[in-house]
1. Within the range 105-144, how many residues are within 20 Å of the chain's Cα centre (by Cα), assigned to a strand (DSSP E or B) and in contact (Cβ under 8 Å) with a residue 24 or more places away in the chain?
2. How do the pairs read when you match residues in the range 197-223 that are open to solvent by 10 Å² or more (accessible area, probe 1.4 Å) with residues anywhere that are among the hydroxyl-bearing types (S, T, Y), using Cβ under 6 Å and keeping only pairs 6 or more apart or on different chains?
3. Name the residue that is farthest from P30 (Cα to Cα), counting only residues in the range 261-299 that are modelled with pLDDT under 95 and not in a loop (DSSP other than H, G, I, E, B).
4. Specify which of the listed residues (R89, R56) is at pLDDT below 95 and farther than 24 Å from F259 by Cα.
5. Which condition breaks for Y181 when tested against (1) closer than 20 Å to T133 by Cβ; (2) open to solvent by 10 Å² or more (accessible area, probe 1.4 Å); (3) of a type outside the set (A, V, I, L, M)?
6. Taking only the range 167-178 into account, find how many residues are in contact (Cβ under 8 Å) with a residue 40 or more places away in the chain, open to solvent by 30 Å² or more (accessible area, probe 1.4 Å) and within 18 Å of the chain's Cα centre (by Cα).
7. Could you list, in sequence order, all residues of the range 1-38 that are of a type in the set (G, A, S), in contact with a Ser or Thr (Cβ under 9 Å, 6 or more places away or on another chain) and loosely packed, with under 15 Cβ neighbours inside 10 Å?
8. Kindly provide the set of residues from the range 92-104 that are modelled with pLDDT under 95 and either touching an Asp or Glu at 6+ places or on another chain (Cβ under 7 Å) or part of a loop (DSSP other than H, G, I, E, B) (or both), ordered by number.
Amino acid sequence: MSWPNPFITQRADPFILRHAAGYFFVASVPEYDRLEIRHADTLNGLIEAEAVTVWRKPDTGPFSALIWAPELHHINGQWVIYFAAAPTRDIKDGLFQHRMYALVCDDNDPLSGHWQPVRRVFTPIDSFSLDATHFVHQGKNWYLWAQKDPAIPGNSNLYLAELLNPWTLKSAPVMLSRPEYEWECAGFSVNEGPAVIQHGDRLFVTYSASATDENYCLGILSIDMMADPLDSTAWQKSARPVFTTSWENQQYGPGHNSFTRDEKGRDVLVYHARNYTEIEGDPLWDPNRHTRLKYIEWREDGTPDFGVPPADHTSVP
């Protein structure tokens with residue numbers, strides 16, 4: 001299968017859910033003001049699928065600005081959209097005021113169903129937090145996210161906890177990673193945007209690091225499938241990034257990924273990247289982080305090989 005690159009333009013922080021009902025796509029929109037869902041029977045069908053707005057931010061309140069990085073999950077029969085939001089977009093008040101929220105829908109169709117009022121996902125520290133994801137492992141529901149700990153230098157670290165329900169933590173959070181290498185601290189010291197994939201006898205967590213310009217890149221953690229995920233010492237962290245800017249292919253700042261599978265079950269990396277570096281002002285306000293797809297290869301030792309971000313090209317789905 002081939003995809004055009006970009007796959008979908010001006011959609012950052014992309015997330016694709018493969019479900020019995022087909023493929024669902026959500027992402028940050030340039031206006032940061034709403035949550036959209038696209039649905040299609042095939043992966044390529046998402047390109048032309050209608051973007052259905054299922055929620056818009058209120059004008060005021062704690063989640064009234066900068067709607068970031070939504071993810072759509074199906075948890076124990078409920079549709080759940082995780083997203084981060086701030087009370088203001090005024091830079092003088094500080095940009096990093098986000099907290100994490102959950103929207104829940106009990107109907108069969110998340111595009112036409114009723115979404116319940118927004119619930120905040122509370123963690124023990126009331127601080128900048130974002131980029132939540134969910135996965136099932138060892139028969140349990142897990143919540144994985146990025147958050148600032150005021151006692152630790154840097155913008156955000158990665159944390160894991162078991163879920164009681166989609167919006168409530170059951171266990172105390174455990175920190176899995178913090179920015180420590182030079183490639184995690186270029187521009188900003190960041191670990192964010194975690195995503196989970198399982199292969200063989202290991203569970204892998206990719207994450208994004210550094211500022212959202214050409215320094216943005218992916219790192220990776222892994223753990224044995226039989227180990228306790230809440231044992232931070234059981235996780236291994238790569239000392240090198242695994243997916244980075246390609247100057248040759250003019251692909252800059254690849255990151256904030258998710259994983260899906262094509263119709264034949266082959267693993268696909270979903271990510272965003274720009275095709276230029278000449279950004280005016282804060283990279284956050286540049287709309288041209290485009291959604292892109294590429295296949296993942298698996299090495300003989302069981303680790304993923306993400307390769308190099310391919311150059312822009314057009315192809316017919």
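The values are calculated or read from the model by the stated rules, or taken from the named source; none is laboratory data. Everything numeric in this text was worked out from a predicted model, so none of it was measured. No Cβ is skipped: glycine too gets one built from the backbone with ideal geometry, and neighbour counts run over all protein chains shown. The protein model used for the area step is the full one, side chains on, heavy atoms only, and it has no ligands, DNA or RNA in it. Shrake-Rupley method; radii C 1.70, N 1.55, O 1.52, S 1.80 Å.
1. Result for the range 105-144: 14.
2. R202/S222; E214/T245; E214/Y252; E214/T277; I220/T206; I220/S238
3. Only one residue fits best here, namely P283.
4. R89 is the lone residue from the list that is at pLDDT below 95 and farther than 24 Å from F259 by Cα.
5. Of the numbered conditions (1) closer than 20 Å to T133 by Cβ; (2) open to solvent by 10 Å² or more (accessible area, probe 1.4 Å); (3) of a type outside the set (A, V, I, L, M), the odd one out for Y181 is (1).
6. So the count comes out to 2.
7. Hit for the range 1-38 is S2, nothing else.
8. Hits for the range 92-104 are G94, L95, F96, Q97.
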